[in-house]
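Asker: Take this structure first; my questions come after.
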Amino acid sequence: MSSPQLPRTTSTANTTPASGDTGVRFDDHGVLPIPDSKRDCSPWELFWIWCGANIAPINWVLGALGIALGLSLIETLIVISVGNVFGCAVFGLFNVIGHRTAVNQMVLGRSAFGIAGAVLPALVQGLLTMAWVGVNTWVVLDLVLAVLEEIGIQGGMELKVVVATAIMVIQLALALYGFYAIRTFEKYTVPLTIAVMVAMTVVALARTHLDWTAAAAPTPGQKLTAVTQLITAIGVGWGLTWIPYAADYSRFARPTLRARTVFWASAAGMYLPTVWLAALGACLASAGGGADPSTLVVSTFGALAVPVLVLIMHGPIATNILNLYSCSLAALTVGIRIARWKITLFAGAVASAVLAVFINSSNFAHAFDNWMVSILMWISPWMSILLVDYFLVRRQTFSIPDLYRDGTTSIYGKFNARGLVSLAAGLLAGWSWQYGVVPAMQGPVAKALGNTDFSWLSGSLVAGGIYGILSTLASARRTGA
């Protein structure tokens, strides 16, 4: 498949840049590069997109999970704040790549894996986005029911269905309209949501007696195990799990923006709310609030949560509209040729199934840890290969038209064996040093080293290292060196 009038490299502009936000309009771009005239997203709007997606009750679990794993409050805060520096910085780099190319994230993967070889990562990403919608919707549903019960309203399963349906309709409507609706929604709702969250944080801390040093993991070995699991699940892992989405939105940023501006707008938008809400969750959990989001909210705020409940629901909805939109792009990258609204409706159906699984989970913190560990196992090696491919192999330059050509005519080929072999090796390395709650996700290296979990690191280093070596050898053969 070829696309006429596409820029040859990442630095070539093809149209006159937009001068500002032109409002809400239907996004019909699909996965083709965004013309410069349609790229009107400002740095603040990019910041609001990522900030809004992470001002969500689910992020309270990030901090509460540290307490549940046996760490003290101060230990949990250090792991979360330091770990997210790395995760969000890498996320920022992928936003820069998307801005430079104006191409969505899964299509960019064709350079490292080949035109057909990139189908598998895109398929995995599509499935994961649907699952994330279910996970995030569960948190909102649980919160709504818990607060309603606190004020004496009980409806059982019928109420659950009504609330879940209302949430899904809002999410689907915004995602169907596309990027410009998402951008506008975040731009006008996130600042108010932040103000409400500041007030809630003040109330929460005023009512909570913090215990900074109490920890359920008494020995250094147990603490190390808990630290590595927390780093993998949410310290580094939270920023990394957003990488498959990055370019889907930064491709709309104004082409005249500097790389550092795009980097800081996206990285800070991810870092600030994630660390802020994780810290709040850790504080509440350390005071005996537990790790379940509804327990944290009701035990701390009680009926005071009612006036701000609608705004608190903004975060998960803001997250899910990104999931649904990126799901449609992943499906188009795979080659599915149906209307985007049909893809989105199908995603909603799958999300409902995931929602049912989490509703029946007896321990949300452990279920969430399992979820994060499992998805990081593929994201880490995939991420590392793309970084090596873009910065070391391609020298920050893509032939963009070749990303859209048939594998028989594209310079990237149908399958890039180097990328696929490296990905397989990275998956194996990640699983070997992974320690999830489910026995199948407990690798031999992890068990041999005290149940530690460095799956994100082992998968990244092995996959990126092998891809770099194989690419260097291939280049040497081509030049006759």
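Asker: Roughly how many Å² of Leu420 are accessible to a 1.4 Å probe, to the nearest 10?
Answerer: 60 Å²
Asker: Note down the nm distance, to one decimal, between modelled labels 7 Å out along Cα→Cβ at Thr201 and at Ile78.
Answerer: 2.2 nm
Asker: If you rank Phe86, Phe391 by how much accessible surface each has, with a 1.4 Å probe, what is the order from largest down? List each step's numbers first, then the result.
Answerer: Values: Phe86 95, Phe391 65 Å².
Solvent-accessible surface, decreasing: Phe86, Phe391.
Asker: Expected output is a single nm value to one decimal: the length gained when fully extending between Ala476 and Asp211, i.e. 0.36 nm times separation in residues minus the C-alpha distance. What is it?
Answerer: Values: separation 265, 0.36 × 265 = 95.40 nm, distance 5.89 nm.
Contour length minus the Cα-Cα distance gives 89.5 nm.
Asker: Beyond 29 Å between alpha-carbons counts as too far, so tell me which of Lys160/Lys342; Lys160/Lys447; Lys187/Lys223 fall in that bin.
Answerer: Pairs exceeding the cut-off: Lys160/Lys447; Lys187/Lys223.
Asker: Right, another one. For Asp406, what accessible surface area do you get with a 1.4 Å probe? Give it in Å², rounded to 10.
Answerer: 70 Å²
Asker: By accessible area of protein heavy atoms, probe 1.4 Å, what ranking do Arg405, Arg477, Arg39 get, highest first?
Answerer: From most exposed to least exposed: Arg477, Arg405, Arg39.
Asker: Heads up, I need the accessible area for Val421: 1.4 angstrom probe, whole protein in place, Å², nearest 10.
Answerer: Rounded to the nearest 10, the figure is 80 Å².
Asker: Could I ask something else about it? For the pair Asn451/Leu120, report the inter-label distance in nm, with labels modelled 7 Å from Cα in the Cβ direction.
Answerer: The modelled label-to-label distance comes out at 3.2 nm.
Asker: Full extension from Thr219 to Ala166: what is 0.36 nm times the residue separation minus their Cα-Cα distance, to one decimal in nm?
Answerer: Details: separation 53, 0.36 × 53 = 19.08 nm, distance 4.72 nm.
Difference between extended and current length: 14.4 nm.
Asker: Please report how far the C-alpha centroid of the range 442-481 lies from that of the range 59-126, rounded to the nearest whole angstrom.
Answerer: Distance between centres, Cα-based: 18 Å.
Asker: At a Förster distance of 45 Å, what's the computed FRET efficiency of Leu159 paired with Phe26, Cβ-Cβ distance as r, to 0.05?
Answerer: Taking R0 as 45 Å, the efficiency between Leu159 and Phe26 is 0.85.
Asker: Can you give me the accessible area per residue for the range 118-222, using a 1.4 Å probe, in Å²?
Answerer: On the way: 4820 Å² over 105 residues.
With the other protein chains kept in place, the range 118-222 gives 46 Å² per residue.
Asker: Under a point-charge model restricted to the Cβ atoms of Lys and Arg (+1) and Asp and Glu (-1), what is the dipole moment magnitude of the range 127-230 relative to its Cα centre, in debye to the nearest 20?
Answerer: I would put it at about 320 debye.
Asker: With every protein chain kept in the model, how would you rank Asp402, Asp211 by accessible area, 1.4 Å probe, largest at the top?
Answerer: On the way: Asp402 5, Asp211 60 Å².
Reading off the accessible areas and sorting them downward yields Asp211, Asp402.
The values are calculated or read from the model by the stated rules, or taken from the named source; none is laboratory data. Just so it is clear, the model here is predicted, and its values are computed rather than measured. Don't worry about glycine lacking a Cβ; one is built from the backbone with ideal geometry, like all the others, and counts go over all protein chains shown. Side chains are part of the model used for accessible areas, which takes the heavy atoms of the whole protein and leaves out ligands, DNA and RNA. Shrake-Rupley method; radii C 1.70, N 1.55, O 1.52, S 1.80 Å.
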